[in-house]
Amino acid sequence: MLRIVSLIASASEIVSALGLSQYQVGRSHECDFPAEILSLPICTAPAFRTDGSSAEIDQRVKQQIANALSVYEVSRELLDALQPTHVLTQTQCRVCAVSLEDVERALTGWVTSRPQLVALEPNALADVWSDIRRVADSCAVPERGEEVVSKLQDEMQRISERACASGRRPRVACIEWHEPLMAAGNWVPELVEMAGAVNLFGEAGAHSPWMTWQQLVESDPDVIVTMPCGFDLERTCAEMYWLTDRPEWPKLRAVKSGQVYLADGNQYFNRPGPRLVESLQILAQILHPEAFAPELEARAWRRHV
């Protein structure tokens, strides 16, 4: 019988989409969806404090990496006690989730069940679809993987066609970290284009790039959507002073026209899994309010005031 331990939030959501949550026996400290997995044992912990400001968190992460230390810890003893058949992790970002190296260290000589290590590699939307298929194949339900991918792609296509029908192409800056300033990369530029807009920073399939305030000022976007990695709406709102206290902020076109929005990056944009469909819906609702009802407003996004 399957015994799945997911060490990244997006993988837990993939497991759920495949109808396999009943076989999940462990999770990471960041796996918080769907609700049915919240009672499962937590197998990981951050190796640094995650409270504090954007700048403080950035410095702690950089210090850990500079010292060649992992940013997450994996409980070898708990993994062994759970006797998993499958352990899901990823190779994409050692800051955003438990890395392949972390898990390999934990598994070496400790986990007697000799689980299959399934490493996801999400860099762009196509990779997310491949990862869903990879989990499905490893769990011997390949047909479910194809069904889930097809359904998600169809939903995204419908949203995209409706968004692009407006004919408007607003220029959008998506911000993934406030201090220092970072743009959203990977799959986010694809979502922006699918939502009928022009993405100003970050490239599809490439890691999120650092950016300067001068670049933001010179681009003068029509719309700014901030979606800090790992932050919910409340924490994002509390960190907006990194942007709003800048002397250049009031002069930006998006600010003057009231087109600055906060999005829940933790639950949506930062998770390369099934809820990227909702991430696309968020962008469509923000960018094309005449065509999309604000169904996810307040819960997943809000206008900055």
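The values are calculated or read from the model by the stated rules, or taken from the named source; none is laboratory data. On a predicted model such as this, the values are computed, not experimentally measured, just so you know. With ideal geometry, Cβ positions are generated from the backbone for all residues, glycine too; neighbour counts draw on all protein chains shown. Only protein heavy atoms, including side chains, enter the accessible area calculation; ligands, DNA and RNA are left aside. Shrake-Rupley method; radii C 1.70, N 1.55, O 1.52, S 1.80 Å.
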Run the quick spin-label model on Tyr23 and Asp220: label points 7 Å from Cα toward the beta carbon, then report their separation in nm to one decimal. 5.6
Counting Lys and Arg as +1 and Asp and Glu as -1, each charge on the Cβ, what is the dipole of the range 155-276 about the Cα centre in debye, to the nearest 20? 360
Separation in nanometres of the label points that stand 7 Å from Cα toward Cβ, at Asp51 and Val305: 3.0
Run the dipole for the chain about the Cα centre, Lys and Arg Cβ at +1, Asp and Glu Cβ at -1, nothing else charged, and hand back the magnitude in debye, nearest 20. 180
If I compute solvent accessible area with a 1.4 Å probe over the protein chains, what percent of it on the chain is carbon and sulfur? 50
From the mean inverse distance of alpha carbon pairs (Kirkwood) and the Cα radius of gyration, derive Rg over Rh for the range 186-305. 0.93
Charge tally for neighbours of His86 with beta carbon under 12 Å away, counting Lys, Arg as +1 and Asp, Glu as -1, is +2
Which residues does the label zone of Gln116 cover in the range 131-147, counting backbone N under 11 Å from a point 7 Å along Cα→Cβ? 134-142
Would you please give the residues with an amide H less than 5 Å from that of Arg275, counting only those at least 5 places away or on a separate chain, with H modeled from the backbone geometry? none
From Cα pairs below 8 angstrom and at least 6 apart in sequence, can you work out the relative contact order of the range 154-305, rounded to a whole percent? 25
Over the heavy atoms of Ser113, what accessible area does a 1.4 Å probe trace out, to the nearest 10 Å²? 40
Search the structure for amide H atoms under 5 Å from the amide H of Tyr72, placed 1.01 Å from N in the peptide plane, and list their residues when 5 or more places away or on another chain. Ala47
Determine the shape class of the range 167-215: with a ≥ b ≥ c the square roots of the Cα gyration tensor eigenvalues, call it rounded for a/c under 1.5, and otherwise prolate if a/b is greater than b/c, oblate otherwise. oblate
In whole Hz, the Karplus estimates of ³J(HN,Hα) for the range 235-249 (6.51, -1.76, 1.60; θ = phi - 60°; x where Gly or Pro) are 5, 4, 4, 5, 9, 5, 4, 4, 8, 5, 7, 6, x, 7, 4
On the Cα set of the chain, report Rg and Dmax in Å, please. 19.5, 60
